[in-house]
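No lab work stands behind these numbers, since they all come straight from the coordinates. None of the values given here were measured: they were computed from a predicted structure. All Cβ positions, glycine included, derive from the backbone under ideal geometry; neighbour counts span all protein chains shown.
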Amino acid sequence: MADYRRRKEEEKEKLMEKVFGKDAPNRRLTEEDLELLRANLLDIDSLSPEWKSIKENSQKLQEQTQQMLNNFTDADLDRLRNEIRKDFGDQLPVETQEELTVIHQQMSLNSKYEDVEARLNEEVLCQKDYNHSLTVAFRRPTIMGVQPSGLKNSILIIGQKATGRHTSVNLISRLLKEQELISNDELSFIDLSQYSGKEFEANLVQDLYTATHKSAIIVFDNLETISANFLPTITEIVTDGQLTLSKRYTLSNKQLVETATSLVKDTVKTISFKGKYLVFMTTLKVEKLLEVVGARFINTMGDVIKTKDIVKEDLEVIYPVKLKAFRKKCMDLLKIDIKASKAVRTYLNDNFIDRENVRYLNNFFDRCYEALAEYKLKNLTDEVISLKISVKDNQIVFIKDQEESKLEELLPHVLENAKEEAQKELDQLVGLEEIKKYILSLEDFYEAQKIREKQGLKTSEVSKHMIFTGNPGTGKTTIARVLAKYLKAIGVLSNGQLVEVSRNDLVGKYLGHTAPQTMQVIKSALGGILFIDEAYSLYRGTNDSFGLEAIDTLVKAMEDNRDDLIVILAGYTKEMKVFLESNSGLASRFPNQIEFPDYTAEELYDITVIQAKSKGYRLHELIREPLTEYYRQVQASDSVRSGNGRLARNMIEEAIIHQSKRIIADKDAELDLIILEDIDFKIKSDNI
């Protein structure tokens with residue numbers, strides 16, 4: 001110690017001589033000397049290699065000290081206490097006691113957060129880096145204090161679906177509560193996609209108020225769908241730690257109730273989020289999210305962390321865990337003892353689909369369980385059934401005593417029946433042969449992409465959106481409805497509904513109403529097809545701000561939901577061409593343009609026969625030639641409106657009325673037969 005002090009004195013003297021001259025150590029420093037010393041501090045590295053070494057290694061020493069604290073155990077702390085008692089007795093200096101208390105608290109926190117991270121790694125598999133970052137994000141306020149806003153932390157989680165985002169946050173909430181690091185583990189989820197317009201402001205305010213009063217952690221899901229109306233609201237929360245309400249609210253049965261008068265006492269003016277963890281989730285990458293929420297919002301985040309996509313190699317870790325849970329479920333609920341051959345793991349590896357993530361295995365075991373439930377219903381017994389899952393001819397099979405049952409044969413064939421039904425509907429449609437071929441070719445295309453994906457080859461990301469052009473009554477809506485069923489049956493769409501709308505359903509009546517109204521329609525079509533008839537009416541020129549707003553909202557929704565939404569724009573050929581030319585960016589998003597030709601006279605006759613049959617009638621054979629010729633004459637008089645199915649429908653409905661009068665007068669007439677005299681061959685404008 002004496003040598004060290006001597007060296008430090010020598011360094012001090014050298015420093016003073018360097019700056020003030022040789023007589024400096026023997027005189028008192030003036031204010032002028034001190035200013036000169038401060039100005040020359042940057043030269044101290046030239047004085048001594050030892051000094052320079054100390055300066056350069058200071059950061060390393062600090063890191064090593066922190067590492068030592070991290071590795072310090074309770075046993076280490078007890079040994080340190082005993083050694084200090086030997087030197088100082090039981091009466092430790094106050095400063096030493098305080099330092100030991102800080103060390104003990106730090107060690108306790110280290111141990112708790114290490115346990116939390118270890119448990120995360122046990123249950124949220126193949127996300128080690130993410131789990132570590134998530135743990136750090138929740139620990140941050142214990143080291144750095146709360147944010148200037150008063151929030152404990154604001155955390156942005158970026159990742160695709162089925163990568164463990166929700167599972168991890170639910171789990172860490174429970175683990176932090178077990179370690180007494182948060183007050184409660186009840187999460188509040190605010191799904192931002194549910195608040196699309198200003199009319200939902202009261203709902204959002206109520207949900208935010210409820211969340212702050214029951215949860216230490218509040219999760220804002222689907223950040224990428226946030227309405228522009230509420231982005232300032234969320235930004236204010238993360239910036240200020242509170243929300244100043246724009247309207248007066250009072251409490252009634254723990255519910256916020258809007259009040260118009262200022263005379264009410266105890267009104268709620270703000271909602272405080274101070275002391276809360278706010279977690280925001282999105283599937284968008286940062287550069288895309290910037291376009292939605294802006295840089296200011298993202299810069300307020302204390303932590304931005306990402307889950308990784310699950311790849312084929314991760315199945316080696318995840319599969320055994322999922323299999324164990326599946327076996328337990330089968331035994332507990334079905335009394336089926338399951339064993340799986342090694343071939344199953346190979347099968348899953350070979351058929352792995354990128355971007356499915358953990359959902360790939362979840363779907364597989366869900367299908368297996370559904371099949372085994374059907375097996376159990378057909379083989380009712382109180383005894384435990386032993387089955388083995390294996391693979392034969394690239395198909396999953398269940399084996400019991402050498403007897404094999406294929407997975408696909410056990411599953412209810414709802415989708416297969418739906419596919420056959422859709423194909424049958426297509427076959428029954430008159431004409432439209434090229435359009436039918438195109439629709440049926442879609443299955444081959446999507447099946448080919450799945451095969452390429454399984455083999456690790458690049459897949460073609462093609463737009464599914466379409467434009468149907470043609471005159472009214474040429475089958476556009478009918479084809480769209482069958483297409484929705486068919487794409488659902490082959491697994492391209494999740495629901496398969498057809499939502500048919502026009503301008504009035506999308507465009508609002510006042511400023512700020514159009515975007516929310518359009519989003520509501522889009523939400524109702526998710527998983528199916530949104531069919532916009534007379535789509536050209538959406539845009540009525542540069543002064544049509546409402547129409548442009550609807551188009552902008554539609555384009556954004558198409559991008560955000562490209563995997564589970566198909567939009568079809570329909571209308572007259574000429575008007576649609578002008579519409580697309582005036583919206584060039586829109587045209588590029590609809591590469592599949594299908595022209596619906598007018599029906600020929602022969603096709604109109606066939607449609608008439610089908611219409612009659614659907615109503616329980618049949619046409620006399622003598623009707624064919626004169627009715628076909630009639631259709632030719634009508635088409636010649638108005639080629640735009642007459643070559644459509646509505647003409648045939650109107651014709652048969654009118655014939656049924658005439659037939660009713662005839663059979664009342666003729667008691668012997670066949671009740672289901674329409675004859676030549678029942679047909680009115682006069683060409684009338686209302687027929688077309």
Q.
I need the shape label for the stretch 143-186. Rule: rounded when a/c is under 1.5, else prolate if a/b > b/c, else oblate, with a, b, c from the alpha carbon gyration tensor.
A. oblate
Q. Which ³J(HN,Hα) values, rounded to whole Hz and listed in residue order, are derived for the stretch 546-560 from phi using the Karplus coefficients 6.51, -1.76 and 1.60 in 6.51 cos²θ - 1.76 cosθ + 1.60 with θ = phi - 60°, glycine and proline given as x?
A. 5, x, 4, 5, 5, 5, 4, 5, 4, 4, 5, 5, 4, 6, 5
Q) If you add up the charges near residue 628, with Lys and Arg at +1 and Asp and Glu at -1, over every other residue whose beta carbon is less than 11 angstrom from its beta carbon, what do you get? A) -3
Q: Starting with the fewest neighbours, write out 617, 195 ranked by other beta-carbon atoms found within 10 Å of each beta-carbon.
A: 617, 195
**Q.** ³J(HN,Hα), Karplus 6.51/-1.76/1.60, whole Hz, each residue of the stretch 158-168, x for Gly, Pro
**A.** 10, x, 6, 4, 6, 10, x, 4, 5, 4, 5
Q) Quick one: 281, 301, fewest Cβ neighbours within 10 Å first, how do they rank? A) 301, 281
Q) Quick one: putting +1 on the C-beta of Lys and Arg, -1 on the C-beta of Asp and Glu, what dipole do you get for the stretch 312-412 around its Cα centre, in Debye to the nearest 20? A) 280 debye
**Q.** For the stretch 124-306, average projected area of the Cα convex hull in nm²
**A.** 11.0 nm²
Q | Pairs beyond 25 Å (Cα-Cα), from 128/322; 128/214; 339/376; 308/388 | A | 128/214; 308/388
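Rounded if a/c is under 1.5, else prolate if a/b beats b/c, else oblate: with a ≥ b ≥ c from the C-alpha gyration tensor eigenvalues square-rooted, which is the stretch 187-253?
Verdict is rounded for the stretch 187-253.
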Q | Within-14-Å neighbourhood charge of residue 329 [Cβ basis; K, R +1; D, E -1] | A | +3
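Count charges around residue 142 for me, please; just the other residues with Cβ under 12 Å from its Cβ, Lys/Arg as +1, Asp/Glu as -1.
So the environment of residue 142 carries a net charge of +4.
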Q) What shape does the stretch 229-290 take by its C-alpha gyration tensor, where a ≥ b ≥ c are the square roots of the eigenvalues and a/c under 1.5 counts as rounded, a/b above b/c as prolate, and the rest as oblate? A) prolate
Q. Using unit Cβ charges (K, R positive; D, E negative) and no other charged atoms, how large, in debye to the nearest 20, is the dipole of the stretch 267-347 about its Cα centre?
A. 340 debye
Q | Order of 649, 618 - criterion: other Cβ atoms within 10 Å of each residue's Cβ, fewest first | A | 618, 649
Q. Using the beta-carbon distance between residue 108 and residue 350 and R0 = 56 Å, what value does 1/(1 + (r/R0)^6) give for FRET efficiency, to the nearest 0.05?
A. 0.70
